[in-house]
Every structure is written in structure tokens, then in C-alpha cells.
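**Student:** To start, I am sharing the structure in question, which I have written as C-alpha cells.
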Amino acid sequence: MKRRNKLWTCLDCKAAILLTPLNQAPSYSFDGQTATEIPEDDLAKFRKEHQGHQTEILTIDLQSYVSYSPYSEPMAEGYFQAIGEKGGTYIVKRWRNCIDQPRKWAIVFQQKHIKKEIEKIEIQKVAITRLINEEKGDLQIIDNMIDYFLGVLEMHKDKIELDQAVPDDTFPLKSYASFTDQAIAEITLLCKRGFKDGEFNFINDFIQQQKDDILRIVVEQNYWFCPLNA
């Protein structure tokens, strides 16, 4: 059985335990000088506690994780979707009460799914401005020209490839989406009208080089739990 994305759950109690080799990691007691290893089997304990209850193994969709905390937050509360052996859909919660304790798991909803919605989209104004100023060399691209370029990007920020958005490495509900090809063409045309030849050549090269990097739109989402048919 593949581990680390499987939960052994008690459907009666809504309790769950992650199936991992660490289930059998020993604990230790110290007498001041020596450590004594104490065998442990958390899964066996869990199964004994819920003996006679309705149990099922759930498979976690690791890509479904949502949380308003960064990935690096050890006390983060987050949620996953999971599928049961019998095909049921579940939302499971993962959290930690104490920093020195393992994470806890529980079923919070059955027959619901996690639905995300865009809360905010924005261009990376500060980063774009900084990079233009670093790369423009002797070109006389002054602040009002940069503001014009940022304004053109702002006009088109909803014309993005959301289905190909790249997840952020830090925050679960943040991603980066590139402009569509049509939007890039429209942005380029407006810049050609707004810049002189040498300045436009620089901006055009900047667009082509950065369209899948610093020109990506920042997409921030929120989430809620909905019935399966919603």
C-alpha cells in the first residue's frame, strides 16, 4: 500500500491517522544519562481505540491542499480532499496543537468538495519597475513611461491562462498566470503606439523575455466547502 497519502479513518468518530512508517517510530525516556527506547505502534493503538467502528482508508489528493498559512508554518491549519475506498468524497483537516507534537487529522465533511475562487489578481509592479530600471542602460525610459507600461499591463490583467497557472512555493492559495497570446499582442501594439522606436524595441524585448516570468499575474484565492453538485 502506498503510504503518506493514505489515511486510516474512523467514520463514526471522524478521527484519522496518516499511514506512514513513522507510525512505528519508537519514543524515548531519559534518566539523565542514558536513553531507553520504547517501542510504539500508533496505528495499532488507533485501530484498537476504534475497534468495532466503521473504518475506511482514504486517499488524499495532495494537490487539493488549502490553507491561509504559508507552507513553512509548522502550526498551520489546512484542508485536503480525499476519496474513500467506496468512492465517497471527504474533506479532511490537518493541524497541530503543539509544536512538539505530531500533526492531527480528522474528517470534517462528507460529500463535499473544496471550491476555490479568485480573490485578487495583480501585476508585479515593484518587481517590473525595478527590473526595467536595472536593464534599460542608457535609454531614457523615465517614470511616466514605466507608468504607461504598467497601465497597459493593468488593463489586460484579466486576460490570463488561469488553467496553466504556476503554484507559488510559499503560499498554498497563491499562483502566477501568464498573459494569453492575444493579450501579449494587444499589449505590444499599445506599447508600439506609446514608445519611440528605441524605447519600444527595449520594451518589446522585455515583454518577450519576461512574459512567463516577472510579467506573470499574481493570483490570490480563497476557498470554501461546497456540496458535490455545487
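Taken together, the values in this text are just the output of simple stated rules run on the coordinates, not laboratory data. This structure is a prediction, so every number in the text was calculated from the model and none was measured. Reconstructed Cβ throughout: ideal geometry from the backbone, glycine too, with neighbour counts over all protein chains shown.
**Student:** Run the numbers on region 6-110 and let me know its relative contact order in percent, using alpha-carbon pairs under 8 Å that are six or more apart.
**Tutor:** Numbers: 197 pairs, mean separation 26.0, N = 105.
Relative contact order, region 6-110: 25 percent.
**Student:** Along the charge dipole of region 1-142, which of Gln110, Cys98, Ile17 sits closest to the positive end, that is, farthest toward it, with unit charges on the beta carbon of Lys, Arg, Asp and Glu (+1, +1, -1, -1)?
**Tutor:** Most positive-ward Cα: Gln110.
**Student:** Return the Rg/Rh value of region 118-224, two decimal places, where both radii are evaluated on C-alpha atoms and Rh is the Kirkwood radius.
**Tutor:** Ratio of gyration radius to Kirkwood radius for region 118-224: 0.99.
**Student:** So, with +1 on the Cβ of K and R and -1 on the Cβ of D and E, and no other charges, what is the size of the charge dipole of region 108-230 about its Cα centre, to the nearest 20 debye?
**Tutor:** That gives region 108-230 a dipole magnitude of about 420 debye.
**Student:** Roughly how tilted is helix 197-210, in degrees to the nearest 10 and between 0 and 90, from the longest Cα axis of the chain?
**Tutor:** Taking Cα atoms only, the helix is inclined about 10 degrees.
**Student:** Can you compute the charge dipole magnitude of the chain about its Cα centre, using +1 on each Lys and Arg Cβ and -1 on each Asp and Glu Cβ, nothing else charged? Give it in debye, rounded to the nearest 20.
**Tutor:** On the way: 29 positive and 35 negative charges, 202 e Å.
Using Cβ point charges on Lys, Arg, Asp and Glu, the chain gives about 960 debye.
**Student:** Toward the positive end of the charge dipole of region 58-157, about the Cα centre and with charges on Cβ (Lys, Arg +1; Asp, Glu -1), which of Ile132, Ser64, Tyr148 goes farthest?
**Tutor:** Ser64
**Student:** Assign one of three labels to region 31-82, namely rounded, prolate or oblate, based on the Cα gyration tensor with a ≥ b ≥ c the square roots of its eigenvalues; rounded applies when a/c is under 1.5, prolate when it is not and a/b is larger than b/c, and oblate otherwise. Walk me through the numbers on the way to the answer.
**Tutor:** Working: a/c = 3.50, a/b = 1.27, b/c = 2.77.
In terms of gyration-tensor shape, oblate.
**Student:** What pairs from Lys48/Lys115; Lys6/Lys48; Lys14/Lys45; Lys6/Lys211 go past 27 Å between their alpha carbons?
**Tutor:** Among Lys48/Lys115; Lys6/Lys48; Lys14/Lys45; Lys6/Lys211, the Cα-Cα distance tops 27 Å for Lys48/Lys115; Lys6/Lys211.
**Student:** Report, in debye and to the nearest 20, how large the dipole of region 73-173 comes out about its Cα centre when Lys and Arg carry +1 and Asp and Glu carry -1 on their Cβ. Please report the intermediate quantities before stating the final value.
**Tutor:** Numbers: 15 positive and 18 negative charges, 178 e Å.
Value, rounded to 20: 860 debye.
**Student:** Turning to a different aspect of this structure: Of the candidates Arg193, Arg96, Arg47, which one comes out as most mobile in a Gaussian network treatment of the chain with C-alpha springs shorter than 10 Å?
**Tutor:** Between Arg193, Arg96, Arg47, it is Arg193 that shows the largest mean-square fluctuation.
**Student:** How much mean residue ellipticity at 222 nm does the chain get from its helices, if each DSSP H run of length 4 or more adds -39500 (n - 2.57) and you divide by all residues, to the nearest 500 deg cm²/dmol? Please report the intermediate quantities before stating the final value.
**Tutor:** Working: 5 runs with 60 residues, N = 230.
It comes out at -8000 deg cm²/dmol, rounded to the nearest 500.
**Student:** For the chain, what relative contact order do you get, as a whole percent, if you take Cα pairs closer than 8 Å and at least 6 residues apart? Walk me through the intermediate numbers first.
**Tutor:** Working: 387 pairs, mean separation 41.8, N = 230.
Relative CO of the chain lands at 18 percent.
**Student:** Just Ala35, Ala106, Ala15 to compare: in a GNM of the chain, with alpha carbon springs under 10 Å, which one fluctuates most?
**Tutor:** Ala35
**Student:** Rg/Rh for the chain: what does it come to with C-alpha atoms and Rh from Kirkwood? Before the final figure, lay out each step's value.
**Tutor:** On the way: Rg = 25.4 Å, Rh = 21.6 Å.
Checking Rg against Rh, the ratio lands at 1.18.
**Student:** Still on this model: I want to verify a result. In a Gaussian network model of the chain, Cα cutoff 10 Å, which of these has the top mean-square fluctuation: Asn204, Asn97, Asn144?
**Tutor:** Highest fluctuation among the options: Asn144.
**Student:** Taking C-beta distances below 4.7 angstrom as the pairing criterion, name the unpartnered cysteines of the chain, in sequence order.
**Tutor:** Cysteines lacking a close Cβ partner in the chain: Cys98, Cys191, Cys226.
**Student:** Which distance in Å, rounded to a whole number, links the C-alpha centroids of region 174-196 and region 99-155?
**Tutor:** 16 Å
**Student:** Hey, could you pull the Cα Rg and Dmax for region 6-110, both in Å?
**Tutor:** Rg and Dmax of region 6-110, Cα atoms, are 15.6, 52 Å.
**Student:** On a 0 to 90° scale, report how tilted helix 125-135 is relative to the longest principal axis of the chain, with both axes built from alpha carbons and the result rounded to the nearest 10.
**Tutor:** 50 degrees
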